[in-house]
Structures are given as structure tokens and as C-alpha cells.
Amino acid sequence: MCGIVGAVSHRDIVPILVEGLKRLEYRGYDSCGVAVHQGGELRRTRSTARVAELETQASTEGVAAGTGIAHTRWATHGAPAVHNAHPHFSTGPNGVARIALVHNGIIENHDELRAELQAKGFRFESQTDTEVIAHLVNHLYDGDLFDAVQRAAQRLKGAYAIAVFCRDEPQRVVGAREGSPLVLGVGQGETFLASDAMALAGVTDQIVYLDEGDIVDLQLGKHWIVARQGDGSHRPVQREVRTVHAHSGAAELGPYRHYMQKEIFEQPRAIADTLDGVTDIQPSLFGDEAVRVFDGIDRVLILACGTSSYSGLTAKYWLEAIAGLPTAVEIASEYRYRESVPDPRTLVVTISQSGETADTLAALKHARAQGMQRTLTICNVATSAMVRECQLAFITRAGVEIGVASTKAFTTQLVALFLLTLTLAKLRGRLPETGEAAALRNLRHLPSAVQSVLALEPQIIAWAEAFVPKQHALFLGRGRHYPVALEGALKLKEISYIHAEAYPAGELKHGPLALVDAAMPVVTVAPADDLLEKLKSNMQEVRARGGELYVTSRGIWPRV
Ligand code: M6R
């Protein structure tokens, strides 16, 4: 994922920009860069190495100034290479670089804009969609950067958060957001911009969360925001400055080798924190308005992406079986663009660790535009756009998730969704007192149950070693464990770059079994439930074809 940091100050801001990038580095990136306004010129340094090396590079090259922007890039348009790394420059009529710009998101009409700008004589040095914005701002620049960015924003289609500055206006950075998060940091006589408040931890805790369509003007010790109106024009707006104790997270690796390992081991604590204060099952767990919002709902629509959609898919099994509510789970990036049949008595539930995922936010808006106004989010960031946009919220207490792979966020989402299921079941008269007490007892037992699973790390490491030479893997599950298999396959792909697919085990014989041979590890999620016997038959099918089974059950079975 990409990250943005920007600043306007009297002091040298390069250390702040670099530190901000380090705090965003965990999300994964393939190149990084910083640009400043120095000695009346635009200067930049870019790298495909770690941010620490960019820092050395900047210091060796003497890059230092009070105004600048920085970026970590995850390639979408153009290969990971220095010439595609941000910041991008656009050169003015005199052949001198005039505009520097960084961008998160994707510009959908970049081809059309590129052709238009090339026809006007702009020369492109990268394959990125971002460079198009830099040239567009330059083309529209007429002595006022803020005005140029406002006019450029009207031409952009897609999602973006940008930070831009101009050679002709030394103490000014302009930011804009549409579909990608961007926050303003208000310091003492200095102003900052970042794609995540965490990048500004230790610099300022005074944060303004910009809204969709906002454009912000950062100058020394002052800022100015305009909001987009329905007709595309912009009007000045005051946005609340919040005190946000953003957690840098970076200093606290403790005894762990990396953040993902740390976060896996934080699950018992995260689950216990999420359950803290839950003494009984009641609507107020989800907000003061919950009784009114939940009243009379006849179905649930879950909107989410990636891991969050898999926790949603697990909840579908619970919501239908326990609360008796028909539940649909939609991948947000699909739902937002398709025609569906709305029902105003639907409870729309968004699930998001970050609370800033553009597709999920857009899907929520789409649902609301279709007349579905009852909205709840299960989210890990209390200050996020998702929480602000929904009527109700349940904040999971996973703590900062630094690792790019969702781990403790997934398990805490499941806890929240199970509480939601119990709450809706109770409101619908489907949860007897004894059932409520037993469910709460079981939930309280969860942290220690997870702890005992974590004690299996040595066996899991042995499995991981066996996976190292593999090219592909299959994950199987049945019923509510099928989404867990999906999540396992996603984790393997994302972290190990080993191709993995998940199937409901009963589907195996309808095609994918053809892939199974001695080279194919097959991981099965096989808890001792009422589908175990069926799953055993599926495992026999795998063995018959010589496949190598890895079975997780109550405890872990040896390889068979
Ligand atoms: O912040 P969100 O939960 O909305 O993010 C959605 C997905 O991008 C995310 O769950 C992603 O799939 C995981 N990080 C993968 O491990």
C-alpha cells in the first residue's frame, strides 16, 4: 500500500518525512522518495530500497528544507523502479521542474489525460498514472497552487489522495482526497499532511480527518480547507481538529522477529480487550441508537474486502443459524458497481480493520443511496471514516495492526460479529437465558483457548518448512470453517507468494481434485463438529490421489 507524508515548517522537515515513511513502511511498498523545496529549486531523492536507505541517501545528498513531501509506493501503473517512484515532477515552460506531487490511489482516466497533456507538449518520464496529475496541475497553474489543484481535481476520475507543492510558492503544500484517506496535522507554527495519523505520531496529535472531495491548503502555521459541493465546485469549510493519540507501534517489536508474529501472539490479549466490559448481551454494545436501528430489520447485508469479508462470511453462518436472519456477504468492490435489489429493512454491516478502505466506504454509500439507512460498522479504528459514516459502531480492540497481513483484526472481528449475532438473536426471541450465559462463558474462555493454539508454534514452523519448496496449495473447510480456509489461502498467497486456493471440501470432487498429487499440500480445517465425518471422506479423496494432508483439528494432527 502507498503512504504519503508532507510538511510545511520553519525547521528541516526531511527527518519528519522519513520517520513518517518508516511508520507507514510496514504496509509494504516497492519504492520510496522524498522531495523538498530547497534553495529556490525542487530537489528529490528516490529509491527502490528500504526507507532507512532513502534516509542515508537524503543525508548524503544534503536534501534538507522546510517544505516537502514523501511517499512509499506499491506499484499499480508501471514497474517498481526509481523512475516510477514518487514524488513526480512536472517541468515548467523554462525547462525547470515546477510541480512535485505524490499520490495514493488510481486515476481511471489517466490514458485520456496523458494523451491530452502529451499533445500540449508535456514529456512523461514514468509509466505511472500519478505523473499525469503532476502535469495537469502544472498545466492549470497560474500563480496559485490551491486554485490549480481545485481545477485539476475536477478533471480526475478514480480514487486519490495527493500532496503537491510548487517551486514558485516555497512555503505551501496542497492536499486533496477522493476515495483515499488523508489527514491534516496541525502543529505549532507548522502544518503536516499524511495518509494515516500514525505517520505523524510524535510530531502532532492535533489531527483533522479530511472528507471525500476536500482540498487543503497548508502554509506556515495555518491551513484552509474547501469541501466539494454537489455541482463539483468547492466551498470553504471548518473541519474539527481532534486530539488523536496515534500509536507509532514501530518501537515495540519486543521479543518477536517481526510484526506479524507479534500480532499473532497478541490475539489472546486483543480478544480479551474486545470483550472487556461485555457483561451481558444487549444492543447498547453497538451504540446508543442500536435499539431503534435494529428494530424491525429482516435481513443483514455485510460489505467488506479481503480478510474482513471472510470474517463476514463466517458471520453469515451464525446470523442465519442462530439469529434466523437471511444474510448476504458482498465483496465491496463488486457490490458498489452492480445492480442489486435493495430492502430498506436491511441492516447494512461494514467490516474493516482500518475503517478507510475506499471500496467498503463506497459500497456503504451505494447501499445508503439505495435507501438502506440502517448502518453498523465493525471497525478497529475509532477515528476512521467508516465509524463516522455509520449510525452504529462496534470498535474491536485489536490495537494497531502493523503487519500487512490481517491477523488479530480477523479474530477480533469474529468476536464482534458473534456478539452481534447473539444480540440480534436475543432481540428476536431466539436466545434463551441459558444460551446467553453459556455463550458468554465460552467467549470468556476464548483468550486461553487461543493461547493454547499458539503453543503449537513449533509444529506450525515444521509445516511451514515443508511448504517452502511448494508452488501451490489447497485449503479445505466445510460450513462455517470454509471462510477460515479462504482466509488461510489468502494468508499463504499474500505472505509466502505461494499460490493457494480454498474450496468448500464438498466441491473438491467437482473439479479441483484433478490438481491433487504428491506435489500438492492440502490443508484442511477440521474441527470436531457435525461435518467432521463428511470432511474425513473428502480427506480420503485427497489421500487416494497421493495428496499430502495437513489437518488442523482440536489440536493438530501429525502429517498424514
Ligand atoms: O482495513 P480493511 O479491513 O478494510 O482492509 C480490507 C483488506 O484490504 C484486508 O483485510 C486485507 O485483505 C488483509 N490485510 C489481508 O491480510
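Where does the chain land at 222 nm, in deg cm²/dmol rounded to the nearest 500, when only DSSP H runs of n ≥ 4 count, each adding -39500 (n - 2.57), divided by all residues? Working shown, then result.
On the way: 17 runs with 190 residues, N = 560.
It lands at -10500 deg cm²/dmol.
How far is helix 306-321 tilted, in degrees, relative to the longest principal axis of the Cα atoms in the chain, given as a value from 0 to 90 rounded to the nearest 10?
40
So, for the chain, what is the accessible surface per residue at a probe of 1.4 Å, expressed in square angstrom? Mind showing how you got there, number by number?
Working: 23440 Å² over 560 residues.
I get 42 Å² per residue for the chain.
Could you work out, for region 259-452, what percent of all Cα-Cα pairs fall into each 5 Å distance bin, beginning at 0 Å and stopping at the bin that holds the largest distance?
Once binned at 5 Å, the Cα pair distances of region 259-452 give 1, 8, 17, 22, 22, 16, 9, 4, 1, 0.
With an 8 Å Cα cut-off and a minimum separation of 6 or more residues, compute the relative contact order for the chain in percent.
Values: 1213 pairs, mean separation 53.8, N = 560.
So the answer I get is 10 percent.
Can you list the aspartates and glutamates whose alpha carbon sits under 14 Å from that of LYS120, skipping same-chain ones fewer than 8 residues off?
Output for LYS120: GLU112.
Where does the charge balance sit around ALA514 when Lys and Arg score +1, Asp and Glu -1, over other residues with C-beta under 12 Å from its C-beta?
On the way: positive: LYS509, ARG545; negative: ASP517, GLU541.
Residues close to ALA514 contribute a combined charge of 0.
Could you state the angle between the C-alpha long axis of helix 130-140 and the longest principal axis of the C-alpha atoms of the chain, as a value from 0 to 90 degrees rounded to the nearest 10?
It works out to around 40 degrees.
Whenever you get a sec, compute what percent of the accessible area on region 3-246 sits on carbon and sulfur atoms (1.4 Å probe). Please report the intermediate quantities before stating the final value.
Working: 4210 of 9220 Å².
Ligands and nucleic acids excluded, carbon and sulfur give 46 percent.
Using only Cα atoms, tell me the angle between helix 408-427 and the longest principal axis of the chain; keep it within 0 to 90° and round to the nearest 10.
The helix 408-427 is inclined about 60 degrees to the chain.
On the protein heavy atoms, probe 1.4 angstrom, tell me the percent of accessible surface of region 457-552 carried by carbon and sulfur.
57
Does region 472-555 come out rounded, prolate or oblate, given a ≥ b ≥ c as the square roots of the eigenvalues of its C-alpha gyration tensor, rounded meaning a/c under 1.5 and, failing that, prolate meaning a/b above b/c? Write down the numbers at each step before the final one.
Working: a/c = 1.63, a/b = 1.12, b/c = 1.46.
Taking the square roots of the gyration eigenvalues as a ≥ b ≥ c, region 472-555 is oblate.
If a/c stays under 1.5 just call it rounded; otherwise compare a/b with b/c (prolate if a/b is bigger, oblate if not). Do that for region 3-246, with a ≥ b ≥ c from the square roots of the Cα gyration tensor eigenvalues.
On the way: a/c = 1.35, a/b = 1.06, b/c = 1.27.
Since a/c stays below 1.5, the shape of region 3-246 is classed as rounded.
What whole number of Å gives the distance from the Cα centroid of region 40-115 to the Cα centroid of region 370-427?
36
Quick one: with all protein chains in place, what share of the accessible area of region 273-373 is carbon or sulfur, to the nearest percent (1.4 Å probe)?
On the way: 2070 of 4200 Å².
Reported share for carbon and sulfur atoms: 49 percent.
Using a cut-off of 11 Å between beta-carbons, work out the net charge of the residues near PHE410 (Lys and Arg +1, Asp and Glu -1, PHE410 not included). If you can, show how the numbers build up before the last one.
Working: positive: LYS408, LYS491; negative: GLU263, GLU401, GLU487.
Its environment carries a net charge of -1.
If you wrap the chain's Cα atoms in a convex hull and average its projection over all directions, what's the area in nm²? Each step should come with its number before you reach the end.
Details: hull surface 107.8 nm².
That works out to 27.0 nm², a quarter of the Cα hull's surface.
Within region 156-191, which residues have the backbone N less than 18 Å from the label spot 7 Å out from GLU240 along Cα→beta-carbon, could you tell me?
It comes to 182-186, nothing else.
Return the Cα extents of region 403-530 along principal axes one, two and three, sorted largest first, each rounded to a whole Å.
In descending order, the Cα extents are 51, 34, 26 Å.
Can you give the accessible area of LYS536, probe radius 1.4 Å, in Å² rounded to 10?
Roll a 1.4 Å probe over it and LYS536 shows about 80 Å².
How large is the dipole of the chain about the Cα centre if only Lys and Arg carry +1 and Asp and Glu carry -1, each at its Cβ, rounded to the nearest 20 debye? Show your work: numbers first, answer last.
Working: 56 positive and 63 negative charges, 154 e Å.
Charge dipole of the chain: 740 debye, to the nearest 20.
The values are calculated or read from the model by the stated rules, or taken from the named source; none is laboratory data. Since we're looking at a predicted model, the values are computed, not measured. Glycine also receives a Cβ, built like all others from the backbone with ideal geometry; neighbour counts cover every protein chain displayed. The accessibility values were calculated without ligands, DNA or RNA, using every heavy atom of the protein model including side chains. Shrake-Rupley method; radii C 1.70, N 1.55, O 1.52, S 1.80 Å.
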